[in-house]
Amino acid sequence: MTTSADPRAHTIGELVDRLASVPGREGRLTHVEELPSRAAVAAPWPAWAPDDVVAAFARQGVTEPWRHQVVAAEAAHAGQHVVLATGTASGKSLGYQLPALTAIREGRGSRGDRGASVLYVAPTKALAQDQFSRIRALGLDVRVATHDGDSTREQRDWTRDHGEYVLTNPDMLHRSLLPAHERWAAFFGALRFVVIDECHHYRGVFGAHVAHVLRRLRRICAVYGAQPTFVLASATVADPEVAGERLTGLPVLPITGDDSPRGRVSLALWQPPLTSYAGENGAPVRRAASSEAADLLADLVSSDVRTLAFVRSRVGAEQVAMTAASLLAEVDPSLPGRVASYRGGYLPEERRAIEESLRRGELLGLAATNALELGVDVSGLDAVVMAGYPGRRAALWQQVGRAGRGAGDALGVMIARDDPLDTYLVTHPDALLGAPVEATVFDPANPYVLGPQLCAAAQEMPLTEADLPLFGPTAGDVVASLTEVGLLRKRPRGWFWTDRRRAADLADIRSAGGSPIQLVEEVTGRVVGTVDAASAHGTAHRGAVYLHRGETYLVQDLDLEERVAVIARADPGYTTSAREITEITIVSEHRHRRWGECRLAFGEVDVTHQVVSFLRRRQPGGEVIGEEPLDLPERTLRTRAVWWTVPDDALAEAGLSATDLPGAAHAAEHCSIGLLPLIATCDRWDIGGVSTARHADTGVLTVFVYDGHPGGAGFAERGFEAAGRWLGATLETIEACECDDGCPSCIQSPKCGNQNNPLDKLAAARLLRLLLSTS
Ligand SMILES: [Zn+2]
Ligand SMILES: [Zn+2]
């Protein structure tokens, strides 16, 4: 391959052709989409913006804002709740900083005392600290402070008494600020704006908790006479108006028109080829997306194209950078040094150094995990390569949005992983490029979330009848049951928290699965990591081979009482996989729909899991070399599920015999789990499934897909609502897959408790066609 001095010497189209036409790569490029460039639309500064604030932005290079920034700032300034959902690098922060800083400057008393306060909430500490530096860099006389787990007592006291622009995270709001509201009364009473940045992070159980933390915040502010305006921001939220209202409980104005400039963008979709390697049950396996990413990274760097490769894991990012460097060494000995990897946890100086050398073009290729989204300011790239779909459509555009110098042309390449969702997307470009169907879901009514949140609210201030509507239509029932079990006590002034514990400790807002199991190294006693309670039985049982950050361990013992798994470094030459029995019973059906003779339903279920044994598989190769029984207790999960049933006569009519049914239902279940993220912002690890040729509660063939979190997270409900689209994509994926009898791209699942057995690809297609023909 030749190198050219100027990347603009070849167009993006030529570049894509060149990548795709390397001998042996036939058929890998499945689609190229060209998106036209967009011109900037500027707007004048609002008349109310103070001169010094405008001057501060001007010093940062913003002489004239873009129109969407002004529209957002004007709305927020007028007290309208807003969700700003424009692209990466579209300057969303100016949209809320301008009204927020204005309120602070104008609220100041004559002796410099605090008149207005602003609360900025980011999903992580790192993001809040990043935002802190940016506000400091404006050089304005504003008392800005972060409030997080690292803040000292003195810092906290200062923030409470003087802080005007306070940056924190939902965890601190939940555990520290709200429970101590009496001491923070002056701050809450002066609160004018609440900024919820990167709001797409709040989904699933975490999203439901944060929704209630924000309701608690609103209640406390009201007590001190404040009604803050909420401004939400995200480059990646689908259906922002609905997501924003669900999160805050308030009507929000969506601002989605992006007036920042953009060059022409080409998005290439890429599918790795099948290899000769045989996977589980002899299935064909595709080449790893990360191997393809390393090849493409090397090719682009050797063409002098500044490229960023997104890889799922840290270890993966390091491997991609190393592989690309060794490929480049064959082209030119000076090139390997111009590729690096980036992972989370770098010091600010290290991050700045990487940013600088990318900007100057010394570094041409970078392989990174998503940690890059948090804090590193990378610009000056020509191309972005993604090893796998980043999980959400909007997140894909956010990553592609990293490419493009100013208004220059940019290339994005999305490489499919060997799973049903990625395979579907690279073969159905419309699902990425057409009207969005993926919704950010969470369920604030989940009683497992609402219960502890109402306890926390009651400890902050007794709950009254008038408070209940704020927490949703089911709050009354949940309060009644909390009173019944003695956590709350009814008195004339409302419901009181009577327990001696801190109510906020009842809820771990980032997970709902009980306390995690610690992995402790036998020799050193060091805690190597944790594994969540729900998956510990399957991955950290005695005898399990456990992979952690690229190191192999053998689990010596799992103590469920002490929540500890003792592990030791080992290289046993095999992997293990747990065999699990799952049973499901219907507790109550909430809604249903008929599709001809078939039936779709949504409701409450009990899912019982028991890990009963594990298999040892030789590495490499994968053949089973032994099975050992385990004695682990059953676990029951009360959650929500979507399920569909097909009566016997319809099955017979479609030519499906009794022996076909278990494999057909199981295969349809697997593939549908893989594709649920197409319509809801979850990943396949958030959900589970059970299929049976005859279920005791329905009497007929039934396939269940359930939320893997107690009380449900909204994913199954979304599956019920968008069932036609979801199951239609499932059928297409199975029918289109080029394998004969099933593979990881269609019906095999990496999390199957039954070793992907039985699975029947053809019968699954027939079953789904029958189901959908009646819809
Ligand atoms: Zn397949
Ligand atoms: Zn399975």
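The values are calculated or read from the model by the stated rules, or taken from the named source; none is laboratory data. Note that the structure is a prediction, hence the values are computed from the model and not measured. Positions of Cβ are backbone-derived with ideal geometry, glycine not excepted, and every protein chain shown enters the neighbour counts. Just the protein is used for accessible areas: all its heavy atoms, side chains included, with ligands, DNA and RNA removed. Shrake-Rupley method; radii C 1.70, N 1.55, O 1.52, S 1.80 Å.
Comparing Trp184, Leu274, Tyr342 along the charge dipole axis of the chain, the residue lying farthest to the positive side is Trp184, per the Cβ-charge model. Model label sites at Leu35 and Glu64, defined 7 Å from Cα along the beta-carbon direction, differ in position by 2.5 nm.
On the beta carbon distance between Glu738 and Arg769, with R0 = 22 Å, the FRET formula returns roughly 0.70.
Where both bridge residues fall in the chain, DSSP classifies roughly 60% of the beta bridges as antiparallel. Which residue, chosen from Ala536, Gly525, Ser515, occupies the Cα position most advanced towards the positive end of the dipole of the range 514-583, where the dipole is computed from +1 (Lys, Arg) and -1 (Asp, Glu) charges on Cβ about the Cα centre? Result: Gly525.
A Förster radius of 35 Å, combined with the Cβ-Cβ distance separating His590 from Glu551, puts the computed FRET efficiency at roughly 0.20. Here Lys751 is the anchor, and the lysines within straight C-alpha reach of less than 24 Å, apart from those fewer than 8 places off in the same chain, are Lys761. Here the range 455-575 is assigned +1 on the Cβ of each Lys and Arg and -1 on the Cβ of each Asp and Glu. Its dipole about the Cα centre then comes out at about 400 debye. Given a Förster distance of 45 angstrom, what is the FRET efficiency for Glu241 paired with Asp113, based on the Cβ-Cβ distance and rounded to 0.05? Calculated transfer efficiency: 0.75. Once both labels are positioned 7 Å from their Cα atoms along Cα-to-Cβ, the gap between Ala654 and Arg500 label points is 6.0 nm. Stokes-Einstein D for the range 515-629 at 10 °C, 1.306 mPa s, Kirkwood Rh over Cα pairs, in µm²/s? Here the translational diffusion coefficient equals 97 µm²/s. Couplings for the range 197-213, taken from phi via the Karplus curve 6.51 cos²θ - 1.76 cosθ + 1.60 with θ = phi - 60°, read 8, 6, 5, 5, 5, 8, 9, x, 5, 4, x, 5, 5, 5, 4, 7, 4 Hz in order; Gly and Pro are left as x. For the range 200-303, taking Cα atoms only, Rg and Dmax work out to 23.0, 69 Å respectively. Of all alpha-carbon pairs in the chain, indicate the percentage at a distance above 40 angstrom. I get 39 percent for the Cα pairs in the chain exceeding 40 Å. Within the straight-line cut-off of under 21 Å between alpha carbons, the lysines reachable from Lys92 are Lys125, sequence neighbours fewer than 8 places apart in one chain being disregarded. Straightening the chain between Thr275 and Glu465 buys 62.0 nm, computed as 0.36 nm per residue apart minus the Cα-Cα spacing.
A straight line joining the Cα centroids of the range 403-477 and the range 751-775 runs 28 Å. Rolling a 1.4 angstrom probe over the protein heavy atoms with all chains in place gives the range 197-314 an accessible area of 30 Å² per residue. Restriction of the GluC sites (Glu not before Pro) in the range 652-733 to DSSP coil positions whose beta-carbon has at most 15 other beta-carbons within 10 angstrom yields no sites. Around the Cα centre of the range 231-390, unit charges on the Cβ atoms of Lys, Arg, Asp and Glu (plus for the first two, minus for the last two) sum to a dipole of about 180 debye. Here, the range 581-640 yields an orientationally averaged convex hull projection of 6.9 nm² when only Cα atoms define the hull. Taking all protein chains as present, what is the carbon and sulfur share of the accessible area of the chain, in % to the nearest whole number, probe 1.4 Å? Carbon with sulfur: 49 percent of the solvent-accessible area.
Calculated accessible area for the range 617-749 comes out at 35 Å² per residue, all protein chains present (probe 1.4 Å; ligands, DNA, RNA ignored).
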